[in-house]
Amino acid sequence: MRIITGSAKGTRLETLEGEMTRPTSEKVKEAIFSMIQFDVEGKRILDLFGGSGQLGLEALSRGADIATFVDSSREAAELIKKGEVVAIPTETVYGLAADAYNPEACAKIFKAKGRPQDNPLIIHICDLDMLKNSVKEIPPLALTLAEHFWSGSLTMIFPKKDIVPDTTSGGLDTVAVRMPDNEDTLNLIKMCGVPLAAPSANLSGSPSPTTAQHVYADMNGRIPLIIDGGECKNGVESTVICFTNGGTGIKVLRPGVITAEMLSRFAKTETDKNVFAKPDENEKVISPGVKYKHYSPRADITIIETDSDEKLAEFLNSKNDGGTYGVIFGGEKGIEVPTISYGSTAQEQAHNLFAVLRKTDELGAKRVYVRCPEKTGVGTAVYNRLLRAAAFKTIIL
Ligand code: AMP
Ligand code: MG
């Protein structure tokens with residue numbers, strides 16, 4: 001398995017199995033240069049560099065005879081065109097990408113993630129032609145929203161054309177579409193010439209990955225390539241909406257950093273009840289993803305709702321048995337159990353939540369109490385993910 005950095009500044013690295021290298025630091029740069037070792041027909045060949053060419057030129061000046069410039073996007077596109085799965089960075093979380101029109105390729109996504117077959121994939125496009133090619137009807141409201149929010153973390157659901165296979169749509173006759181806000185990924189989609197189906201690049205059920213290292217932890221040995229684009233900007237998945245009232249209204253099925261408040265400037269916007277509630281046993285849900293346990297580390301998660309720092313400290317201290325951790329806003333006083341801050345604003349909390357949940361596993365936490373975020377604006381996205389990570393377990397102090 002190889003990991004390569006995003007194409008724009010990219011450096012292509014062959015990594016040893018089990019070893020992850022991020023070619024961003026001077027140290028790693030030096031490691032790369034020390035690899036100008038291998039000789040082919042008397043020439044020292046550097047076949048490691050891509051992107052801007054800066055490193056390649058430097059390598060030549062340091063004695064390489066040949067520097068081959070390989071663009072990570074091109075390599076990823078070749079794999080995708082062959083029906084393979086590649087992990088890609090987006091502004092929300094990392095995605096596991098495959099040709100959305102190729103059912104065998106998309107089946108590999110489900111297999112790599114261990115994802116239930118009826119949980120549909122979001123398809124990622126780079127222009128409106130790809131939207132028109134994939135869906136039957138586009139309400140004028142969708143075009144208005146696309147103009148305002150794309151490229152960005154808004155996913156819209158449309159009736160699908162037959163070109164989108166059932167494997168991709170989880171057997172539904174609709175398909176979810178978005179245009180990601182990541183230059184390299186948009187370029188990659190363009191090079192592939194087809195939309196990329198890409199759910200979050202984690203094992204099903206575990207916290208979504210917001211760094212290439214998170215992807216590596218879950219996907220090593222399951223996919224051939226990860227493109228490392230650094231930390232994801234948002235940290236939570238896109239807002240998913242469907243249209244109501246003949247295409248004139250909006251229903252939020254999954255909250256994200258594009259909030260219901262922002263959408264309500266364009267049309268009457270409601271939030272689906274399953275955003276904050278557990279669906280009933282046999283309920284037919286609009287968004288199949290809400291049925292499943294999600295985003296969970298190994299530790300047992302509980303949400304703590306309180307306005308009082310003192311009550312929070314008192315509660316956590318009463319659980320001080322070595323395996324207990326608190327995930328707090330930061331700055332709360334008097335807490336004796338180990339804590340991790342996930343930020344005091346909803347944006348920070350969205351950005352950090354999944355990384356912090358993964359961290360609790362690394363620390364060997366058994367029980368994790370997470371202070372409840374605001375339930376408005378971007379906080380709704382954080383709260384929605386936390387509820388599922390905690391299987392809705394909440395204590396009010
Ligand atoms: P993920 O790919 O892990 O970000 O999850 C995608 C989310 O979008 C899941 O919750 C799906 O249930 C939802 N979704 C995708 N496609 C559709 C669709 N056609 N109709 C309703 N929900 C969808
Ligand atoms: Mg997911």
5 angstrom amide H check on VAL135, placed H, neighbours 5+ away: LYS161
Solvent-accessible surface ranking, highest first, for MET156, MET179 at 1.4 angstrom: MET179, MET156
Inter-part distance where segment 333-397 and segment 240-282 are each reduced to a Cα centre, Å: 23
Peptides 268-276, 194-202, 120-128 ordered by average Cβ neighbours within 10 Å, highest first: 194-202, 120-128, 268-276
Normalised alpha carbon radius of gyration of segment 188-254 [divisor 2.2 N^0.38 Å]: 1.42
³J(HN,Hα), Karplus 6.51/-1.76/1.60, whole Hz, each residue of segment 116-126, x for Gly, Pro: x, 4, 8, 9, x, 9, 8, 9, 10, 10, 10
Cα coordinate range in segment 204-296, projected on the principal axes (Å, largest first): 45, 34, 20
Residue-wise HN-Hα coupling along segment 244-257, computed from phi with Karplus coefficients 6.51, -1.76, 1.60 (Hz; x: Gly, Pro): 10, 6, x, x, 9, x, 10, 10, 7, 9, 9, x, x, 6
Å³ per residue enclosed by the Cα convex hull of segment 149-237: 122
Convex hull volume per residue in cubic angstrom - Cα atoms of segment 299-397: 81
Loop-located chymotrypsin sites (Phe, Trp or Tyr not before Pro) in segment 297-397 whose Cβ has at most 14 other Cβ within 10 Å (DSSP): PHE392
Long-range tail of P(r) for segment 243-362 (Cα pairs > 24 Å, %): 45
If the convex hull is drawn through the Cα atoms of segment 105-176, its volume per residue in Å³: 90
Antiparallel bridges, percent of DSSP beta bridges restricted to segment 202-356 (to nearest 5): 45
Counting DSSP beta bridges with both ends in segment 154-259, the antiparallel % (nearest 5): 75
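The values are calculated or read from the model by the stated rules, or taken from the named source; none is laboratory data. Just so it is clear, the model here is predicted, and its values are computed rather than measured. For neighbour counting, all protein chains shown are included, and Cβ atoms are generated from backbone atoms with ideal geometry for every residue, glycine included. Calculation scope for accessible area: heavy atoms of the full protein, side chains included, ligands and nucleic acids excluded. Shrake-Rupley method; radii C 1.70, N 1.55, O 1.52, S 1.80 Å.
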